[in-house]
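Here's the structure we're looking at; comments come further down.
What follows draws every value from the coordinates through simple rules; no lab data is involved. Everything numeric in this text was worked out from a predicted model, so none of it was measured. Here Cβ is always computed from backbone atoms with ideal geometry, including for glycine, and neighbour counts include all displayed protein chains.
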Amino acid sequence: MKPFSESEKKRIERWTGGLVADVTLRYATADHPLDERFKAVAAELAELSPRIRLKKDGDAQVSLPTLFVGRHCAFQALPLDRELEPFLTALGDGDDGADQLPADVRDRLDRLRVPALVKVYVTPHCPFCPKAVSLLLAMTAANDRVRLSVIDGELFPDAAQKDRVSAAPTIILDDRFRWAGSVDAFELVALMLDRDPVNLGADALRGLIEDGDAESVARMMADNGKLFPAFFTLLTHPRWSVRLGAMVAFETLVEQNPALAAQAVDPLIERFTEVDDTVKGDLLHVLGESGNRAAVPFLQTVAGDHDDAEVRTAADEAIEKLK
């Protein structure tokens with residue numbers, strides 16, 4: 001059975017006629033029972049519109065099947081019925097969607113330097129959800145610090161239950177602030193600007209690192225004079241590319257604020273026994289870069305007693321670096 005109705009197919013054809021260039025629709029699977037349904041929707045979109053280039057994103061780490069549209073938007077909802085229009089708008093317009101925002105909202109969004117992770121829960125027959133989704137998509141177009149996930153609460157009830165969502169639309173910022181029903185764009189942006197970056201979660205910092213902006217992570221910590229707790233989650237992340245980006249951020253922090261970087265020693269030592277040997281080697285490298293000779297006794301213990309030769313070598317190299 002094809003996902004789209006005849007009326008939806010006609011809307012897609014009209015949308016295709018207004019495009020002036022090809023667009024790329026990325027999708028990612030999550031070893032989820034609905035993976036095939038999302039793939040079928042993506043495939044039919046590409047079949048209906050010769051302008052769509054379909055691409056599977058094998059590197060994206062997602063917990064739910066996802067369609068990626070616009071700037072930093074993950075659609076964990078099927079673009080059917082009411083949600084088709086905002087989905088197509090974001091897929092085709094790219095950065096142009098920012099023009100939908102009032103000028104005062106755009107001006108304030110220009111000042112946003114701290115990542116804002118936004119979720120919006122929708123349901124297929126919710127009359128107010130498309131407006132909320134369109135507003136948030138416009139924000140992602142206006143500032144790439146805004147990262148949006150559109151989640152169908154009926155399609156993924158476990159996710160909705162985990163986030164304590166019982167109404168649609170529900171908007172959640174940084175897993176801490178929420179609105180059910182309509183939301184004022186100016187109020188939402190004001191809260192984005194007023195947040196304390198120290199409280200940023202690992203996903204927000206990771207987004208910066210994966211965008212190649214590790215320097216921003218270092219700068220935020222240096223400017224605030226604090227090591228962000230979530231930063232240590234990235235330094236111990238099981239994925240090598242994430243750890244590498246975090247190490248680049250740490251080395252930048254050493255240059256910008258060496259006294260603050262030196263404070264990383266105790267938290268890193270506390271996490272050492274919790275990670276596998278591959279991650280241990282990277283943590284030892286960071287200890288060597290910290291410039292804090294208080295780490296030497298711990299490093300000497302690891303160099304003399306650890307049962308993995310590569311870990312012992314990494315400890316020796318860290319000791320030499322601190323000397």
> Given the Cα-Cα distance of residue 125 and residue 46 and 0.36 nm per residue of separation, how much length would full extension add, in nm?
Replying inline: 26.0 nm
> If you wrap a convex hull around the Cα atoms of the stretch 6-194, how much volume per residue is inside, in Å³?
Replying inline: 117
>> When 1/r is averaged over all different Cα pairs and the result inverted, which Kirkwood radius in Å belongs to the chain?
In response: 21.6
> Quick one: Cα centre-to-centre distance for the stretch 209-225 and the stretch 272-303, in angstrom?
Replying inline: 22
> Highest mean first, what order results for 309-317, 53-61, 255-263 on Cβ atoms within 10 Å?
Replying inline: 309-317, 255-263, 53-61
> What's the angle, to the nearest 10 degrees (0 to 90), between helix 35-48's Cα axis and the longest principal axis of the chain?
Replying inline: 50
> What does the charge add up to near residue 54, with Lys and Arg as +1, Asp and Glu as -1, over the other residues with Cβ less than 13 Å from its Cβ?
Replying inline: +2
>> Can you give me the angle between helix 296-305 and the longest principal axis of the chain, using Cα atoms only, in degrees from 0 to 90, rounded to the nearest 10?
In response: 90
>> Tell me the angle of helix 129-142 to the major Cα principal axis of the chain, expressed in degrees between 0 and 90 and rounded to the nearest ten.
In response: 50
>> Quick check: Cα centre of the stretch 70-134 to Cα centre of the stretch 28-57, how many Å?
In response: 20
>> I'd like the Karplus ³J(HN,Hα) series for the stretch 223-233: coefficients 6.51, -1.76, 1.60, θ = phi - 60°, whole numbers in Hz, and an x wherever there's a Gly or Pro.
In response: 5, 8, x, 9, 7, 6, x, 5, 4, 5, 5
> Hey, any idea what the orientation-averaged projected area of the convex hull of the stretch 197-322's Cα atoms comes to, in nm²?
Replying inline: 6.7
>> Taking loop as defined by DSSP and a crowding limit of 12 other beta carbons within 10 Å, which trypsin sites (Lys or Arg not before Pro) in the stretch 142-236 fit?
In response: 164, 176
